[in-house]
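Each reported figure results from applying straightforward, stated rules to the coordinates on display, with no laboratory input. None of these values were measured; they are calculated from a predicted model. Here the Cβ positions follow ideal geometry from the backbone for every residue, glycine too, while neighbour counts run over all protein chains shown.
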Amino acid sequence: MSADPTQLAFDTSCHLFQDCGGFEGPGLHSFLFKPLWGDADGNGVYFNKPMLLALLGSVIILGFFWAAFRKPKVVPGKLQMVAEAGYDFVRRGIVYETIGKKEGEKWVPLMVSLFFFVWMMNLWSIVPVAQFPVTSIIAYPAALAGIVYVVWMSLTFKRHGFIGGFKNLTGYDKSLGAVLPMVMVIEFFSNVIVRPFTHAVRLFANMFAGHTLLLLFTIASWYMLNGIGIAYSGVSFVMVVVMTGFELFIQAVQAYVFVLLACSFIQGAVAEHH
């Protein structure tokens, strides 16, 4: 799979101090890809690079856990040990801590799936050749946040009924007196509209910004690789290395935060309303 020209969108033969159109930085065009097959007019099944990465990521995650647990042992091997550590981190470090052990156990499979899927989609950003975080396209975080939203709302009304669920979402508390209507409107707007929106955008925006910065310093390193610009190119390349390390950290943090917020929504849904 070669790098997509719609992502690169700059002349690789152009360098500093050359009359070749100047520096072309990354932009929205860096997140647009030509279809690998099919087209936007409906000819064939539309399939592009981010879709391929999402599919490959899913296969990798399924393959990893299948290989780790297909023949589980009391004394785990290296692969099983790594898989168990990851599973236990999400179960104990996120789900149990947020929802509680009793209520949280049934949600562990969903949260583990979300965590590793989001993390894998983020990790594609620093994988050679792939070099693109799937979650920097808003459709993917929005779809995942939509799944969490449906689960959250369904659980809220199933657990509390229609009236109780409405009170849960609006923060109904008669002791608030005259300000209760205003509080209910704010809480309803926050829970029903703002929370799912920010849940998706937080992940998308961090991956979008991180990938843009990586592209910027990478392109700049190549562009300034000429004459005395080599010194500046070296500085830019150092920034590529630094930003790559920083991205590794952010990718894991964003997967953690996404699942943590999902757990907090579910915890709110199962909590008793007073």
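Assuming 0.36 nm per residue, please report the length gained on full extension of the stretch residue 198 to residue 246 beyond their Cα-Cα distance. Present the calculation step by step, with values, prior to reporting the outcome.
Numbers: separation 48, 0.36 × 48 = 17.28 nm, distance 2.25 nm.
My answer for the length gained is 15.0 nm.
Using r as the Cβ-Cβ distance of residue 79 and residue 173, and R0 as 51 Å, what FRET efficiency do you calculate, to the nearest 0.05? Present the calculation step by step, with values, prior to reporting the outcome.
On the way: r = 50 Å, r/R0 = 0.99.
It comes to 0.50.
Please give me, ordered by residue number, the chymotrypsin sites (Phe, Trp or Tyr not before Pro) of the stretch 27-83 that lie in loop per DSSP and have at most 14 other Cβ atoms within 10 Å. Don't skip to the answer; put the middle values down first.
On the way: sites: 31, 33, 37, 46, 47, 64, 65, 66, 69; in loops: 33, 46.
Answer by residue number: 46.
If R₀ is 51 angstrom, what is the calculated FRET efficiency for the pair residue 225 and residue 264, using the beta carbon separation as r and rounding to 0.05? The partial results should precede the final answer.
On the way: r = 47 Å, r/R0 = 0.93.
Calculated transfer efficiency: 0.60.
With only Lys, Arg, Asp and Glu charged, each at its Cβ (+1 for the first two, -1 for the last two), find how big the charge dipole of the chain is about the Cα centre; round to the nearest 20 debye.
Working: 17 positive and 15 negative charges, 249 e Å.
I would put it at about 1200 debye.
Could you check the simple spin-label distance between residue 45 and residue 190, using points 7 Å along Cα→Cβ, in nm with one decimal?
Computed distance between label sites residue 45 and residue 190 equals 4.5 nm.
To one decimal place, what Kirkwood hydrodynamic radius in Å is obtained for the stretch 58-190 from all pairs of distinct Cα atoms? Present the calculation step by step, with values, prior to reporting the outcome.
Values: mean 1/r = 0.0556 Å⁻¹.
Hydrodynamic radius (Kirkwood, Cα pairs) of the stretch 58-190 is 18.0 Å.
Take the chain, connect every pair of alpha-carbon atoms lying under 10 Å apart with a spring to form a Gaussian network, then pick out the residue of 38, 210, 104 with the largest mean-square fluctuation.
In the Gaussian network model the winner is 38.
Helix-only mean residue ellipticity at 222 nm, the chain, DSSP H runs n ≥ 4 weighted -39,500 (n - 2.57), per residue, nearest 500. What is it?
Values: 9 runs with 171 residues, N = 274.
Rounded to the nearest 500, the figure is -21500 deg cm²/dmol.
Quick check: from the Cα gyration tensor, does the stretch 177-274 come out rounded (a/c under 1.5), prolate or oblate? Kindly include the intermediate steps, with their values, before the conclusion.
Details: a/c = 5.45, a/b = 3.11, b/c = 1.75.
The shape class here is prolate.
To the nearest 0.05, how large is the calculated FRET efficiency for residue 232 and residue 129 if R₀ is 30 Å and r is the Cβ-Cβ distance?
Numbers: r = 27 Å, r/R0 = 0.90.
With R0 = 30 Å, the Cβ-Cβ based efficiency is 0.65.
Starting from the Cα-Cα distance between residue 205 and residue 37, subtract it from 0.36 nm times their residue separation and give me the gain in nm to one decimal. Could the numbers behind the result be given before it?
Working: separation 168, 0.36 × 168 = 60.48 nm, distance 2.81 nm.
The span from residue 205 to residue 37 would gain 57.7 nm if fully extended.
Which whole-percent values make up P(r) of the stretch 78-148 when all C-alpha to C-alpha distances are grouped in 10 Å steps starting at zero?
19, 38, 34, 8, 0
Quick one: grab the alpha carbon gyration tensor of the chain, order the square roots of its eigenvalues as a ≥ b ≥ c, and give me rounded if a/c is under 1.5, else prolate or oblate depending on whether a/b is larger than b/c. Please list the in-between numbers first.
Details: a/c = 2.23, a/b = 1.64, b/c = 1.36.
Judged from the Cα gyration tensor, the chain comes out prolate (a/c at least 1.5, a/b above b/c).
Number of Lys-Lys pairs in the chain under 19 Å by Cα, sequence gap 8 or more or different chains?
Working: 34/49; 102/158; 106/158; 158/167.
Count of close lysine pairs: 4.
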